[in-house]
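The values are calculated or read from the model by the stated rules, or taken from the named source; none is laboratory data. Every value quoted in this text rests on a predicted model; they were computed, and no experiment measured them. Please note: Cβ atoms are built from the backbone with ideal geometry, for glycine as well, and neighbour counts cover all protein chains shown.
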Amino acid sequence: MEKVECLIIGSGPAGYTAAIYAARADMKPVVYEGLQPGGQLTITTDVENYPGFPDGIMGPEMMENFKSQAVRLGTDVRFGMVTSVEFKPGGPQKVIVDGSHEIEAEAVIISTGASAKWLNLPSEQRLNGSGVSACAVCDGFFYRGSDVAIVGAGDTACEEASYLAKICSKVYMIVRKDEFRASKAMQHRVMNTPNIEVLFNSETDEVLGANAVEAVRVKNNKTGEMREIPIKGFFVAIGHQPNTDIFKPYIEMDEQGYIITEKGSSRTNVEGVFCAGDAQDKIYRQAVTAAGSGCMAALDAERWLSAKKSV
């Protein structure tokens, strides 16, 4: 069985930042990148809201920079998928990679992120990054002054619709039922915003456009009527699914599967296991906050290991 001092499960801004700090602390971190090396930013085009890039940067390039920095400082970055774990308080922690390779880790940092839920339309996936997005706060800027549409009925959808309404000419909100799931306060905000048009009892039939979003075809699920709406941006806000299933037997989570960390830290309920990024953050979900929490996790792990060694 391979023995590792600090194992980081998952890449992306949280995982790579944790690796940078862990490597500088001589913790000899090993990172397993997971199914999507680099995380969700690898399917993002322009990133313009990360500090330090005045002209913006492409998401994949940004993640390559994160990875290169981690490797330069001594991180062992590996392609592979952690398929199961056996955690116990204080460790060492047993981790299985790709179903067979066993690792014993003194400290583990979980940075497996969360995946956006999609409508599973072929056109939605084809135009992802070319007008289709799952993050209005990340990408809304690119559609300033344009007409856009957003799908969803909860608080997040209402919040993002309100955000888009401040910078876009018109926001069409596509709601599957005849009512919102959002809180009354968020509903009132949406309904009182003049440039938001709510389409109740409506579903997305297809996102239209050859190389970029040009329109959305919406079906009224009560009457069957089809309507094509010219738009430039199409946002999906029907929720995220944290990638945390393999940790459920051991790690405390909320009802949605987000890992619960001790307030003001990255510590989980299992001593020696830490969590960073979107696997524990359902509020902000930004690259910069994920990176910050990756720093926290590495520092927490370093202090925990140091205290353990000094006993």
Mind checking whether some residue in the stretch 174-191 is at pLDDT 95 or above and in contact with a Leu (Cβ under 7 Å, 6 or more places away or on another chain)?
yes
Say we look at the stretch 249-274 and pick out the residues that are surrounded by 13 or more Cβ atoms within 10 Å (Cβ to Cβ), among the small types (Gly, Ala, Ser) and without any contact (Cβ under 8 Å) to a residue 40 or more places away in the chain; which of these is farthest from Leu7 (Cα to Cα)?
Gly257
Applying the selection to the stretch 98-155, what residues are over 23 Å from Ala210 (Cα atoms) and without any contact (Cβ under 8 Å) to a residue 24 or more places away in the chain?
Asp98, Gly99, Ser100
Hits in the stretch 1-20 - residues which are of a type in the set (Ser, Thr, Tyr) and either under 20 Å from Ile246 (Cα atoms) or surrounded by fewer than 24 Cβ atoms within 10 Å (Cβ to Cβ) (or both)
Ser11
Wholly inside the stretch 130-214, strands (runs of 3 or more DSSP E) that include 1 or more residues that are within 21 Å of the chain's Cα centre (by Cα) are 147-151
Residue identified as at pLDDT below 95, closer than 19 Å to Ile9 by Cα, outside the structural domain of Asn211 (by TED's automatic domain parsing) and not acidic (Asp, Glu) among Gly74, Gly91
Gly91
Where residues in the stretch 76-119 are within 23 Å of Ser265 (Cβ to Cβ) and touching a Pro at 6+ places or on another chain (Cβ under 7 Å), which of them is surrounded by the most Cβ atoms within 10 Å (Cβ to Cβ)?
Ala105
Only one of Pro249, Pro230 is in the same structural domain as Ile9 (by TED's automatic domain parsing) and at pLDDT 95 or above. Can you tell me which?
Pro249
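Here are Ile238, Ile231, Ile246: which of them is crowded, with 21+ Cβ neighbours inside 10 Å and of a type outside the set (Gly, Ala, Ser)? Show your work before the answer.
On the way: Ile238 fails: crowded, with 21+ Cβ neighbours inside 10 Å; Ile246 fails: crowded, with 21+ Cβ neighbours inside 10 Å.
When all the criteria are applied, what remains is Ile231.
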Selection count, the stretch 275-311, where residues are surrounded by 24 or more Cβ atoms within 10 Å (Cβ to Cβ), modelled with pLDDT of 95 or more and aliphatic (A, V, I, L, M):
6
Of everything in the stretch 192-205, what is under 11 Å from Ser162 (Cβ atoms) and surrounded by fewer than 20 Cβ atoms within 10 Å (Cβ to Cβ)? Give them in sequence order.
Asn192, Thr193, Asn195
